[in-house]
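The values are calculated or read from the model by the stated rules, or taken from the named source; none is laboratory data. Since the structure is predicted, the reported quantities are computational estimates derived from the model, not experimental observations. As a convention, Cβ positions derive from the backbone with ideal geometry for all residues, glycine included, and neighbour counts pool all protein chains shown.
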């Protein structure tokens, strides 16, 4: 399955518990980094950039399919903003987690004479390995990390204007799919309990799917894989 490599990498990141990790705060550790069990809130905003989105039929052998077996329409979802909020906690000096809700409001599929507005709500549970917890003297005030997340995405496709079938519009639809993310970032403390966070993440949002009818009647729905590169900036507040 397409997401198996992502699952394997996510599992390996969370399971990477090095024997050299310290259980007590070494001299010079950044303020707040060694506050075990301390909760934090986060908020981020940034941009999402399409990693490709090709349309294909959900039923390529059906008589009402607009695309046959193996046929695809190349396209992408352009650029969108992304906004997320979350709540998390530190578990170990090098390990923390959070649960986030993200919104991508302005994706737009375009390609091969087809166009549709799209949006996605994404809920994830994320794990982070903070490299300062492994090498507390190596990065000064900076707090680099790698992360992986698993969750679900509710992907909405509005009416698809298409040149297929002589030119028509296919009804919109919302579909919930498995989603995962892999990324890296860096934090920088700007106040005793506040950290500025800049991050990159690859997001696989699963599939988005059109409705099953157009002005001429029933048609086999079209679907696309949603994959996004995201860059965000935000704040983490520990309390």
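Residues in the stretch 134-160 that are out of contact with any strand residue (DSSP E or B) (no Cβ under 7 Å at 6 or more places or on another chain) and either touching a residue at least 24 places away in the same chain (Cβ under 8 Å) or assigned to a strand (DSSP E or B) (or both): 134, 136, 137. All conditions in (1) in a strand (DSSP E or B); (2) surrounded by fewer than 20 Cβ atoms within 10 Å (Cβ to Cβ) hold for residue 226, with the sole exception of (2). Being modelled with pLDDT of 95 or more and either loosely packed, with under 15 Cβ neighbours inside 10 Å or over 20 Å from the mean Cα position of the chain (by Cα) (or both) holds for only one residue in 45, 15, and it is 45. When every residue of the stretch 190-206 is checked against the conditions, at least one turns out to be in contact (Cβ under 8 Å) with a residue 12 or more places away in the chain, closer than 22 Å to residue 65 by Cα and not in a loop (DSSP other than H, G, I, E, B). For the stretch 207-220, a residue qualifies if it is surrounded by fewer than 22 Cβ atoms within 10 Å (Cβ to Cβ) and over 14 Å from residue 54 (Cβ atoms), and the qualifying residues are 211, 212, 213, 214, 215, 216, 217, 218, 220. For residue 62, the conditions (1) touching a helix residue (DSSP H, G or I) at 6+ places or on another chain (Cβ under 8 Å); (2) at pLDDT below 95 all hold with the exception of (1). Looking across the stretch 77-92 at every residue that is within 16 Å of the chain's Cα centre (by Cα) and in a strand (DSSP E or B), the one that is farthest from residue 113 (Cα to Cα) is identified as 86.
May I ask you to list the residues in the stretch 45-76 that are touching a residue at least 40 places away in the same chain (Cβ under 8 Å) and either part of a strand (DSSP E or B) or within 25 Å of residue 197 (Cβ to Cβ) (or both)? Those that are touching a residue at least 40 places away in the same chain (Cβ under 8 Å) and either part of a strand (DSSP E or B) or within 25 Å of residue 197 (Cβ to Cβ) (or both): 45, 46, 47, 48, 49, 50, 51, 55, 56, 57, 73. Selection of first residues in the stretch 161-182 that are without any contact (Cβ under 8 Å) to a residue 40 or more places away in the chain and on the phi > 0 side of the Ramachandran plot and of second residues that are surrounded by 16 or more Cβ atoms within 10 Å (Cβ to Cβ) and outside any strand (DSSP E or B), restricted to Cβ pairs under 9 Å at least 6 apart or on distinct chains, gives an empty result. When the residues of the stretch 207-222 are filtered to those that are in a strand (DSSP E or B) and at pLDDT below 95, the one that is nearest to residue 61 (Cα to Cα) is 222.
Of all residues in the stretch 161-181, those being in a strand (DSSP E or B), surrounded by fewer than 22 Cβ atoms within 10 Å (Cβ to Cβ) and at pLDDT below 95 number 3.
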